């Protein structure tokens with residue numbers, strides 16, 4: 001049914017907003033509008049409570065309307081609402097940078113602030129190219145991403161990304177190549193990391209042979225691919241990428257916009273999977289999604305290279321940045337969010353409950369034959385749904401709409417349903433979510 005009258009929006013107002021990653025025509029015929037949020041629930045404009053089954057957009061692991069974060073933002077806006085990002089600073093940016101390093105691998109202790117995950121990826125790729133030029137290896141300009149990878153919506157992000165629907169409309173991007181994804185035949189319904197598919201890391205050697213390491217600046221992968229449907233790395237896969245990059249003098253970038261700050265049951269995906277990259281991109285959970293912010297962590301050697309070759313002290317070592325880099329409100333939100341993750345031991349809670357989560361999501365294996373695969377790690381799960389009438393995205397859309405009607409928000413993307421509950425989710429809420437999905441699968445089938 002249409003919610004236009006209930007939402008108080010006119011059709012003209014609805015039409016004025018060109019919505020991001022949305023089927024605008026369908027949405028504006030039947031809007032799904034959220035009015036408020038608290039804890040683990042949204043409230044829509046019909047007054048219905050909706051369980052947040054994706055933690056916002058992988059962003060709100062602490063839940064919504066968190067008092068400590070709200071108070072930090074309110075205090076900050078009443079003190080310093082904006083500070084110029086270039087040539088001047090404010091204390092909280094340095095405090096937050098240090099706090100972030102407490103979550104990062106020890107070697108990655110230099111933090112550059114951005115406004116989003118897309119900006120973080122763009123920053124990482126630019127710095128990778130500039131780093132090699134500083135090292136006298138200016139031919140190292142190419143990048144290697146991975147099929148089914150997602151690295152934001154910028155031109156650099158879609159270039160190294162590997163989701164076809166996000167690439168085909170835009171034509172030529174940056175000079176980049178792609179590894180195969182790790183969803184290998186036989187790995188279906190794996191619980192956590194599979195033993196199948198690690199050999200696909202060897203494809204990096206083929207790309208190096210083809211293009212030569214002297215031309216390759218960096219390899220960028222998500223430790224766990226989130227937007228493509230929770231694709232968990234096979235055992236040994238990330239270790240092998242690290243080995244090959246070391247052997248051929250190529251930087252390794254982990255895009256941890258989804259996996260950093262607790263989602264994997266660890267401080268980072270790097271920690272969860274036991275592999276340390278040269279650069280980590282992050283966003284989303286750093287502020288609990290409340291104020292837009294991203295960041296990039298670099299190994300100190302990369303930072304030192306720019307400082308040592310920066311010319312006179314007053315000169316810019318890196319001519320790069322954003323108007324909203326280290327925004328005071330975002331820094332206040334980030335400090336409050338990360339302090340809560342630490343003091344409440346929420347990464348540890350995710351790790352402790354991940355077995356319960358795994359059991360629950362894999363109980364859907366026999367819910368309906370259209371469920372062709374389930375993958376999970378930490379508090380994340382992806383469910384692959386068989387296509388309908390040759391359209392891979394049709395059933396996931398139908399499932400997500402039916403779940404919304406039942407009072408549950410889940411993400412549909414491509415041929416998958418994606419789940420990522422808040423870090424503080426209760427077992428009863430997990431059970432309700434999974435039971436509703438099982439019922440919905442039967443209805444849609």
- Could you state the number of Å between the C-alpha centres of the stretch 308-376 and the stretch 106-122? 12
- Message: Just to verify a number: FRET efficiency for residue 191 and residue 366, C-beta to C-beta distance, R0 = 22 Å, to 0.05?
- Response: 0.90
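Can you tell me the order of 108-114, 27-33 when each peptide is scored by its average per-residue count of other Cβ atoms within 10 angstrom, highest first?
Details: 108-114: 22.9, 27-33: 14.9.
Packing proxy ranking, top to bottom: 108-114, 27-33.
Taking the square root of 5 times each eigenvalue of the Cα gyration tensor, what semi-axes in Å does the equivalent ellipsoid of the chain have, largest first? Working shown, then result.
On the way: eigenvalues 234, 152, 87 Å².
Square roots of five times the eigenvalues give 34, 28, 21 Å.
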- Which value results when the Cα radius of gyration for the stretch 99-204 is divided by 2.2 N^0.38 Å? 1.26
- Note on the structure: CD proxy, 222 nm, the chain: helix-only mean residue ellipticity via -39,500 (n - 2.57) per DSSP H run with n ≥ 4, per residue, nearest 500, stands at -11000 deg cm²/dmol
- Quick calc, residue 10 & residue 387: beta-carbon distance into FRET formula, R0 35 Å, rounding 0.05, result 0.40
- What are the extents of the Cα atoms of the stretch 256-318 along their three principal axes, listed from largest to smallest and rounded to whole Å? 44, 30, 10
- Item | the stretch 247-281-the stretch 125-140 distance, computed between alpha-carbon centres (Å) | 21
- At 0.36 nm per residue, minus the direct Cα-Cα distance, what do residue 95 and residue 26 gain on full extension? Give it in nm, one decimal, please. 20.4 nm
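Using DSSP, restrict attention to beta bridges with both residues in the chain and report what percent are antiparallel, rounded to the nearest 5.
Counting DSSP beta bridges with both partners in the chain, the antiparallel share is about 65 percent.
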- Task: Kindly provide log₁₀ I(q)/I(0) values, in the same order as q = 0.11 Å⁻¹, from the Debye equation applied to equal alpha-carbon scatterers of the stretch 249-360.
- Result: -0.46
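Just so you know, all these numbers are worked out from the coordinates, no wet-lab data involved. Here the structure is a predicted model, which means the values were calculated and not measured. Please note: Cβ atoms are built from the backbone with ideal geometry, for glycine as well, and neighbour counts cover all protein chains shown.
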